[in-house]
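Chemist: One structure, pasted below without further comment.
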Number of protein chains: 2
Amino acid sequence: MGENATTHHTNSANNGANDNQIGFKSRVSVIGSGRWGSVAAKLVAFNTLNLSSFHDEVKMWVFEETLQSGEKLTDAINRTNENVKYLPGIKLGKNVIADPDLDNAVKDANMLVFVTPHQFIDNICKSLVGKVRSDAEAISLIKGMEVKIEGPCLISTYISEQLGINCSVLMGANLANEIAEEKFSEATVGYRNNREIAEQWVQLFTTPYFMVTPVQDVEGVELCGTLKNVVAIAAGFVDGLDMGNNTKAAIIRFGLREMREFCKLLFSSVKDDTFFESCGVADVITTCFGGRNRKVAEAFARNGGKRSFDELEAEMLQGQKLQGVTTVREVYEVLRHRGLLELFPLFATVHEICSGCLPPSAIVIYSEKKNIFPV
Amino acid sequence: MGENATTHHTNSANNGANDNQIGFKSRVSVIGSGRWGSVAAKLVAFNTLNLSSFHDEVKMWVFEETLQSGEKLTDAINRTNENVKYLPGIKLGKNVIADPDLDNAVKDANMLVFVTPHQFIDNICKSLVGKVRSDAEAISLIKGMEVKIEGPCLISTYISEQLGINCSVLMGANLANEIAEEKFSEATVGYRNNREIAEQWVQLFTTPYFMVTPVQDVEGVELCGTLKNVVAIAAGFVDGLDMGNNTKAAIIRFGLREMREFCKLLFSSVKDDTFFESCGVADVITTCFGGRNRKVAEAFARNGGKRSFDELEAEMLQGQKLQGVTTVREVYEVLRHRGLLELFPLFATVHEICSGCLPPSAIVIYSEKKNIFPV
């Protein structure tokens, strides 16, 4: 429980939106300090300095590492105001304070920004149980999902359930290095019920070069951020097969449509319009023309599927794993379990290519053979 | 009036869909023989050979030219079965017969495929008045519109009104040279009322490598094919300014949304789903990453707007004109006339950049300044 908690508990109907109370200032913690986490801290820190409803200071939880120089990463960040390891050359704002102690980093915060790699969220949430303010609001910038056979569990739902707090999401066409350089881009905040909360997140992330739009569709926004990586793998295959622009555009469109149908299958509340937002069509475009999923999939296809994704990832990604390959396996399992694989020929074919059951050229042949898109 | 017309006039309720009558075979004419016209003839000729409901022969009206060799273009096409000038190296099918006489090319046809450059359609239609079968059906593959101050007149509407026949459209992510090489791609048929007619067009164009989907939204499909060129110019500016992937994806998304809103403004019947079809998002992607509008706009931005579009077109396009520059001027006039420019900041800004009123960098600044997309 945070030190200020007693002053806010009266306003229970407001679901944690305490910062409109006179004199109350929101405190923000960013949980995660990779490239995207560091950029998120930079965006947020710009705004907490300029908006009177926020404390200036932004805590950033850093998974502590010792640099080659012998210095701790947190010390280096606090000394130089740069994440020297994951985002060198970019000033984060002097009000960003790196903290290696997770409990300490979150204890006062009523706004928690989750931006760790997908695979760490499970342990982080478990260790945070009972440690965050009960009136805190969370937002997840994490791509991926926890898949169980009965269906995927969204990261935002997982955070919500583990910590007993509401969780929104922020997704979009956001290559982190371009935002770090302050090139214009935009993102979508997906929120559940409370428009006021959504507007606080919008305020916290919006800068002159970063435009944020709120959408009341947390599931649609979050699933877009996850499923786009599957479409990017399909697009990478098309690139590797030198099929040209028409084919790539067709495959991207099929992918976008399967994304939409898959989202609606899991959550009937998902809105068509979400796919016109930055998290939808824009992020799909960015990911299918840049991004590592596309790149490794292209290499996979150029090698005729003879070198596995594991092998290519190890060679091309310095230990990072491709989200898309994992996601499409999980999607495939969900669809198989429900007997719906035939309705999602692109997703099914991507998985069957990734797992070596079909050659990369199947990405086009499935379209040619069926010749009717069944959704 | 065609020689077979008397046998079909009984079926007036069928709105020209006579080819289901026993023993009746549709006759197809392609009006136009540029690159896209030649590819269209190739697609159609493949199907008329294989489908019993069509006469094998496909007439292709060719604007006669004398080649450097002294041979007439029509003779060369009929001798080699290739359009040696506009699509060399690609066999059209032996059942494609080039004809320099427009009246003769259309007189027996009950299915007319219009695929000429935009600027020729006016004269062609005028000279065809009273010459086509009254039960003929038309389809337009032409991008562009006839703009009057009260709003744009679609090419399909123009053909319909001039010739007194129904006109559908076919649009999509269709770089002609890639289809000529039989690389997989897809397109959208937009039709007005008669699903049977739409299915005949689908049948006539579908091949194992060319997938066609019918959509009952002729205005939406046709306007997509026109407006995408405006978005491509915006995308080209972003490329020329080296703004990166996020910015480009954002600008494409804004463009797609203004396309949708502009279409709905002109025709309330336009459907959101049309923008998920090949004519929508897929064609926008193809055009914003390939295509000449993007290319010249990139050059324009790299030169800081100091060399005019006219000058760059002359240098880069061998006498072809950019559709997008004309279209966006027409769109701008429509919006200005209706007092709606503020609702379409991307379209407005593109025109103001093209016409030299704003520098190319305004394409991003408009977003940064307004920071809220008003549609």
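Chemist: Say each of A:Asn104 and B:Met316 gets a label point 7 Å from the Cα, pointing the same way as Cα to Cβ; how far apart are those two points in nm?
Modeler: Label at A:Asn104, label at B:Met316, 5.7 nm between them.
Chemist: A follow-up question, please. Tell me the angle of helix A:35-50 to the major Cα principal axis of chain A, expressed in degrees between 0 and 90 and rounded to the nearest ten.
Modeler: Taking Cα atoms only, the helix is inclined about 40 degrees.
Chemist: What is the stretch A:282-359's relative contact order, in percent, from Cα pairs under 8 angstrom and six or more apart in sequence? Don't skip to the answer; put the middle values down first.
Modeler: Numbers: 49 pairs, mean separation 19.5, N = 78.
Computed over the stretch A:282-359, the figure is 25 percent.
Chemist: Relative to the longest principal axis of the C-alpha atoms of chain B, give the angle of the C-alpha long axis of helix B:218-240, reported between 0 and 90° and rounded to the nearest 10°.
Modeler: Tilt relative to chain B: about 40 degrees.
Chemist: Measuring label to label, 7 Å along Cα→Cβ, what does B:Glu64 give against each other copy in nm, shortest first?
Modeler: Listed shortest first, these distances are 8.9 nm.
Chemist: Could I ask something else about it? How much of the accessible area of the stretch A:220-369, probe 1.4 Å, is carbon plus sulfur, in whole percent?
Modeler: The nonpolar share, carbon plus sulfur, comes to 48 percent.
Chemist: Ok, one more. At a probe radius of 1.4 Å, figure out the A/B buried accessible area, summed over both chains, and give it in Å² to the nearest 100.
Modeler: Numbers: alone 15920 and 15920 Å², together 27960 Å².
Chain pair A/B: roughly 3900 Å² of buried accessible area.
Chemist: Which Cys in chain B stand alone, with every other cysteine's Cβ at 4.7 Å or more from theirs?
Modeler: B:Cys125, B:Cys153, B:Cys167, B:Cys263, B:Cys288, B:Cys354, B:Cys357
Chemist: For B:Arg307, place a label point 7 Å out from Cα along the Cα→Cβ vector, do the same in each other copy, and report the separations in nm, one decimal, smallest first.
Modeler: Values, ascending and in nm: 4.0.
Chemist: Sticking with this structure for a sec: Under 5 Å between amide hydrogens, which residues at least 5 positions from B:Ala98 or on another chain qualify, with H placed 1.01 Å from N in the peptide plane?
Modeler: B:Met60, B:Asn78
Chemist: Moving on. Of A:Lys59/A:Lys126; A:Lys72/A:Lys126; A:Lys321/B:Lys295; B:Lys183/B:Lys228; A:Lys248/B:Lys42, which sit over 29 Å apart, Cα to Cα?
Modeler: Over 29 Å apart, Cα to Cα: A:Lys321/B:Lys295.
Chemist: Given a 1.4 Å probe, how much area per residue of the stretch A:3-216 is accessible, in Å²? Walk me through the numbers on the way to the answer.
Modeler: Numbers: 8410 Å² over 214 residues.
That works out to 39 Å² for each residue.
Chemist: Oh, and also: In nm, what does the list of distances from A:Cys153 to its counterparts in the other copies look like, shortest first, when each label sits 7 Å along Cα to Cβ?
Modeler: 6.4
Chemist: Counting Lys +1, Arg +1, Asp -1, Glu -1, what net charge surrounds B:Pro117 among other residues with beta carbon under 10 Å of its beta carbon?
Modeler: On the way: positive: B:Lys143, B:Lys321; negative: none.
Net charge in that neighbourhood comes out at +2.
Chemist: I've got another one for you. May I ask you to rank B:Glu146, A:Glu277, B:Glu161 by accessible area, largest first, using a 1.4 Å probe over the protein chains only?
Modeler: Details: B:Glu146 45, A:Glu277 20, B:Glu161 130 Å².
Most to least solvent-accessible, the answer reads B:Glu161, B:Glu146, A:Glu277.
Chemist: Using a 1.4 angstrom probe with every protein chain in place, what is the largest-first accessible-area order of B:Lys85, A:Lys94? All intermediate terms of the calculation are to be shown ahead of the outcome.
Modeler: On the way: B:Lys85 100, A:Lys94 180 Å².
Highest to lowest solvent-accessible surface, that is A:Lys94, B:Lys85.
Chemist: Relative contact order (percent) for chain A, with alpha-carbon contacts under 8 angstrom and 6 or more residues of separation?
Modeler: On the way: 717 pairs, mean separation 49.5, N = 375.
Reported as a whole number, the value is 13 percent.
Chemist: Residues with amide H under 5 Å of B:Asn166's amide H, sequence separation 5 or more or different chain, H placed in the peptide plane at 1.01 Å from N; which?
Modeler: B:Ala138
Chemist: How many angstrom lie between the Cα centre of the stretch A:165-216 and the Cα centre of the stretch B:112-145?
Modeler: Result: 48 Å between the Cα centres.
Chemist: Please give the per residue accessible area of the stretch B:220-369, computed with a probe of 1.4 Å over protein heavy atoms only, in Å². Write down the numbers at each step before the final one.
Modeler: Numbers: 4970 Å² over 150 residues.
With all protein chains present, the stretch B:220-369 gives 33 Å² per residue.
Chemist: Which residues of the stretch B:235-271 end up with at least 50 Å² less accessible area in the presence of all protein chains than when their chain stands alone, using a 1.4 Å probe?
Modeler: Output list: B:Asn245, B:Asn246, B:Ala249, B:Arg253, B:Arg260.
Chemist: From a point 7 Å beyond the Cα of B:Asp75 in the direction of its Cβ, which residues of the stretch B:89-113 have a backbone N at a distance under 14 Å?
Modeler: Flagged as within label range: B:100.
Chemist: While we're here: Before rounding to the nearest 500, sum -39500 (n - 2.57) across all DSSP H runs of length at least 4 in chain B and divide by the residue total; then give [θ] at 222 nm in deg cm²/dmol. If you can, show how the numbers build up before the last one.
Modeler: Details: 15 runs with 168 residues, N = 375.
Mean residue ellipticity at 222 nm (helix-derived): -13500 deg cm²/dmol.
Chemist: Continuing with the same structure: Would you kindly derive the ³J(HN,Hα) couplings of the stretch A:244-258 from the backbone phi angles with the Karplus curve 6.51 cos²θ - 1.76 cosθ + 1.60 (θ = phi - 60°), listing them in order in whole Hz, with x for Gly and Pro?
Modeler: Each residue's phi maps through the Karplus curve to give x, 5, 4, 4, 4, 4, 5, 5, 4, 5, 4, x, 4, 6, 5 Hz.
Chemist: Residues of the stretch A:279-299 losing 40 Å² or more of accessible surface, assembly versus chain alone, probe 1.4 Å, please list them.
Modeler: Buried-area filter returns A:Val281, A:Ile285, A:Phe289.
Chemist: Could you pull the accessible area for B:Arg292 with a 1.4 Å probe, rounded to 10 Å²?
Modeler: Approximately 90 Å² of B:Arg292 is accessible to the 1.4 Å probe.
Chemist: Compute the acute angle (0 to 90°) between the alpha-carbon long axis of helix B:345-354 and the principal axis of greatest extent of the alpha-carbon atoms of chain B; round to the nearest 10°.
Modeler: For helix B:345-354, the angle is close to 90 degrees.
The values are calculated or read from the model by the stated rules, or taken from the named source; none is laboratory data. Remember, predicted model here, so these are calculated numbers, not experimental data. Glycine also receives a Cβ, built like all others from the backbone with ideal geometry; neighbour counts cover every protein chain displayed. Each accessible area value is taken on the protein alone, full model and side chains, heavy atoms only, with ligands, DNA and RNA left out. Shrake-Rupley method; radii C 1.70, N 1.55, O 1.52, S 1.80 Å.
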